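A short write-up of the structure that comes next.
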Amino acid sequence: MAAVETKFFEYGRKEIEYLSNSDPVLGDAMARFGRVEREVIPDPFAALVNAIIGQLISVSSAKTVWSRMQESLGDITPENLSAVSADEIQRCGMIMKKAITISELSKDILQGKICLNNLRQLPDQEVIRYLTAIKGVGLWTAEMLLINCLERPDVVSWGDIAIRRGMEKLYDFPKLAKDQFEVYKSRYSPYGSVASIYLWKISFL
């Protein structure tokens, strides 16, 4: 099976100490868990395909589809995926809408209509604006790329159900309101992405 290169999100004592001081409840949870690793995909195309797969499905389902895709189709590159049909992509276990998005994205990159290689030079909001102009890519998908590929330091996604569930568990909220979310997001800044990594961990307990 062709394996997509991965690494772990880089953070250290500075981020841990800041978050612990700015939010002692989160700090206590971080101390209990110790270091939590978050796997990221440095290649923007592979990371974007991975995020598209993960839209509105469980983490375990997304991992299954991702593994099957690599086993069936090989390297997750525009060249490889543009050479197969949307039907073949869909047979890896995703809905046809996602398969078409991935197929068209692959072709558009090869034709020069979309360029993901410049994203690292853009600020967060510009990355989001560029990505959400791509058919089939919404705000959550763009935010996942910011964390899970570009390793941007301050991303906390309201659109991520697990993030919200993590906050509800951590702060004992029966239902998290948007204004409550914004208060904590502000408290985590400028290291919201590390807070997100721990909130994901908490959500699955």
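The values are calculated or read from the model by the stated rules, or taken from the named source; none is laboratory data. It should be emphasised that the depicted structure is a prediction, and the values quoted were computed from it without experimental measurement. Positions of Cβ are generated from backbone atoms using ideal geometry, with glycine treated the same way; all protein chains shown enter the neighbour counts. Heads up: the accessible areas ignore ligands, DNA and RNA and are worked out on the full protein's heavy atoms, side chains in. Shrake-Rupley method; radii C 1.70, N 1.55, O 1.52, S 1.80 Å.
Report, by residue number, each residue of region 1-39 that is in a helix (DSSP H, G or I), free of Cβ contacts under 8 Å to residues at least 24 places away in the same chain and farther than 12 Å from V194 by Cβ.
Listed by number, the residues that qualify are N21, P24, D28, A31, R32.
Among (1) touching a residue at least 12 places away in the same chain (Cβ under 8 Å); (2) part of a helix (DSSP H, G or I); (3) exposed (fewer than 13 other Cβ atoms within 10 Å of the Cβ), which single condition is L145 missing?
(3)
Out of (1) touching a residue at least 12 places away in the same chain (Cβ under 8 Å); (2) farther than 28 Å from P24 by Cβ; (3) open to solvent by 40 Å² or more (accessible area, probe 1.4 Å); (4) not hydroxyl-bearing (S, T, Y), the odd one out for I102 is which?
Of everything listed in (1) touching a residue at least 12 places away in the same chain (Cβ under 8 Å); (2) farther than 28 Å from P24 by Cβ; (3) open to solvent by 40 Å² or more (accessible area, probe 1.4 Å); (4) not hydroxyl-bearing (S, T, Y), I102 misses just condition (3).
Return the residues of region 165-180 that are free of Cβ contacts under 8 Å to residues at least 24 places away in the same chain and not in a loop (DSSP other than H, G, I, E, B); say none if nothing qualifies. Walk me through how you get there before you give the answer.
Of the residues in region 165-180, the ones free of Cβ contacts under 8 Å to residues at least 24 places away in the same chain are 168, 172-180.
Correct list: E168, K178, D179, Q180.
Table: residues versus (1) open to solvent by 50 Å² or more (accessible area, probe 1.4 Å); (2) within 16 Å of the chain's Cα centre (by Cα); (3) closer than 30 Å to T77 by Cα; (4) of a type outside the set (F, W, Y).
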{"residue": "T132", "(1), (2), (3), (4)": "yes, yes, yes, yes"}
{"residue": "A162", "(1), (2), (3), (4)": "no, yes, yes, yes"}
{"residue": "S186", "(1), (2), (3), (4)": "yes, no, no, yes"}
{"residue": "S203", "(1), (2), (3), (4)": "no, yes, no, yes"}
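Can you tell me how many residues in region 1-48 are open to solvent by 80 Å² or more (accessible area, probe 1.4 Å), more than 19 Å from the chain's Cα centre (by Cα) and closer than 30 Å to L81 by Cα?
Going through region 1-48 one residue at a time, the tally reaches 1.
What number goes with the only condition from (1) touching a residue at least 40 places away in the same chain (Cβ under 8 Å); (2) farther than 23 Å from S106 by Cα; (3) of a type in the set (G, A, S) that G136 does not pass?
(2)
Specify the residue that is nearest to the chain's Cα centre (by Cα); the eligible residues are those in region 49-64 that are part of a helix (DSSP H, G or I) and surrounded by fewer than 17 Cβ atoms within 10 Å (Cβ to Cβ).
Step one: of region 49-64, the residues part of a helix (DSSP H, G or I) are 49-53, 59-64.
After this cut, where a residue has to be surrounded by fewer than 17 Cβ atoms within 10 Å (Cβ to Cβ) as well, the list is 59-61, 63-64.
On the way: V59: 11, S60: 14, S61: 15, K63: 13, T64: 16 Å.
Once the filter is applied, the top-ranked residue is V59.
Could you tell me whether region 115-130 includes any residue that is surrounded by 20 or more Cβ atoms within 10 Å (Cβ to Cβ) and either of a type in the set (S, T, N, Q) or in a loop (DSSP other than H, G, I, E, B) (or both)?
Taking region 115-130 as the starting set, the residues that turn out to be surrounded by 20 or more Cβ atoms within 10 Å (Cβ to Cβ) are 116, 127-128.
From what's left, either of a type in the set (S, T, N, Q) or in a loop (DSSP other than H, G, I, E, B) (or both): 116.
Yes, that holds for at least one residue.
Do we find a residue being closer than 19 Å to N148 by Cβ and part of a helix (DSSP H, G or I) anywhere in region 74-96?
Narrowing region 74-96 to residues closer than 19 Å to N148 by Cβ: 75-78, 81, 94.
Imposing the further condition that a residue be part of a helix (DSSP H, G or I) reduces the set to 78, 81.
Yes, because at least one residue in region 74-96 is closer than 19 Å to N148 by Cβ and part of a helix (DSSP H, G or I).
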